[in-house]
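Below you'll find the structure, written out as C-alpha cells, and then a few comments.
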Amino acid sequence: MKVAIIRFPGTNCEFDTEYAFNKLGAKTEIIWHEQKEFKADLVVLPGGFSYGDYLRCAAIAKLAPAMQGVFEHAKKGGYILGICNGFQILLESGLLKGAMKHNEKLSFISKNQDLKVVSNQNVFLRNFQKGDIVNLPIAHGEGNYYAKENILKELEDKDLITLKYQQNPNGSLCDIAGICDENKKIFGLMPHPERACDSVLGNEVGLKMLEGFM
Amino acid sequence: MKIVINIFLKNGVLDPQGKAIEKALHSLNFNEVKEVRMAKQLILDLDEKDEIRAKERIAKMCEELLVNNVIEDYELSTSEKL
C-alpha cells in the first residue's frame, strides 16, 4: 500500500498524515506541488493553507502541476482523501461537489467536535457502524459547506454524506462535515483524523478511519 | 486598460461577513441599513485597447480562477481613475 501525500506551499499537516499512515504500515511519499507524475494507491491532500489561501481557499492549489497527477489518479478510479484544506481543494477542482464559505460566525475554530457516522458503506468508514458518534479535532476558518438544493438532495439520496456535525460549528448546510463522490473513491472532510492517531493525544479514532483505506 | 472586477456571493447564499457588518451598523443605530453584502474587488491592468475583447478575456479568467461559480457572481466595469 503506497500513499502519496501532496505538499503545497503552506501545507502543514503532511507529517501528521505521514506518521498516521506509517503507523498503519503503509509506504508514504511526500510529493512537492511541482511534480506532475506519481504513483500511489491512495492520494492524500492534507490540511494547511495552500498558497496562503490567497484569492480563496484552495483556488490556486487546483492549478498546481501535482493536481494533474491527482486528476489522472481520479480518472483511473484511484482513492483520494482530502482533509480540511484538502477537502477545499477537492471542491475547488470539481472532484467533489459544493463550495466552502467563511464560517458563519467568521472566527477560526480550533476544537474537538462530535461527529455522527452517516454512512459506513464506503472504505473510509467501514470500521464504524452507522450512527456511531466519534470525536475529532477541527481547525478551520472556512468550513461552511454550501451546495445547491439539488446537489444536497443527490448527496442524501446516493448516500454520499459520510460525516455530520452533532453541534454544527460553522453553519454547514445539513451539518455536513464530510462527503464522497458517487463512486465512493474520493473523500473530503473538514475534521482532522490524522490528528487523532495516537493514544498520547488521547484519541485514536482517526487511525481507525484511515485504516479503512488499508 | 483598467478593468474592475467585483466578486460577491450569489443572491440567496448567506454572506456571513455582510451579516456581521450589518449587525455592527445596526448597533450604531444606522437602522436604515437593510442589507450589507461584502464584495471582493480586483483591479486588472490589461495590455489591451479593445474593451469587448478585454471583457471576454476577463470572463474567461473569472471562470477558470478568479470566481467560484458555485457561490459567487461577478460584475465588470472599466475605470480610468484607478
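The values are calculated or read from the model by the stated rules, or taken from the named source; none is laboratory data. Not measured: the values here are computed from a predicted model. Here Cβ is always computed from backbone atoms with ideal geometry, including for glycine, and neighbour counts include all displayed protein chains. When the accessible area is computed, the model is the full protein with side chains, heavy atoms only, and any ligands, DNA or RNA have been set aside. Shrake-Rupley method; radii C 1.70, N 1.55, O 1.52, S 1.80 Å.
Worth pointing out:
- For GluC sites (Glu not before Pro), the sites in region A:1-89 that DSSP calls loop and that have at most 15 other Cβ atoms within 10 Å are A:Glu34, A:Glu37.
- Long-range amide H partners of A:Val44 with built H, under 5 Å: A:Ala4, A:Ile5, A:Ile6, A:Leu81
- Here is the list for region A:4-61: chymotrypsin sites (Phe, Trp or Tyr not before Pro) lying in DSSP coil, each with at most 12 other C-beta atoms within 10 angstrom of its C-beta, are A:Tyr54.
- Taking 7 Å steps out from each Cα toward its Cβ at A:Met214 and A:Lys116 produces label points 3.0 nm apart.
- Pairs of lysines in chain B whose Cα atoms sit within less than 12 Å of one another amount to 5, provided the residues are eight or more positions apart or on different chains.
- Computed magnitude of the charge dipole of region A:66-178 (debye, nearest 20; Cβ of K, R +1, Cβ of D, E -1): 120
- Fraction of antiparallel bridges per DSSP, chain A only, in percent to nearest 5: 55
- Nearby aspartates and glutamates by direct alpha-carbon distance to A:Lys23 (threshold 20 angstrom, same-chain neighbours under 8 apart not counted): A:Glu14, A:Asp41, A:Glu194, A:Asp198, A:Glu204, A:Glu211
- Lys pairs, region A:95-188 - Cα-Cα below 14 angstrom, 8 or more residues apart or on other chains: 11
- Cβ-placed point charges (K, R +1; D, E -1), dipole of the protein assembly as shown about Cα centre in debye, nearest 20: 340
- Rounded accessible area of A:Met214 (nearest 10 Å², 1.4 Å probe): 70
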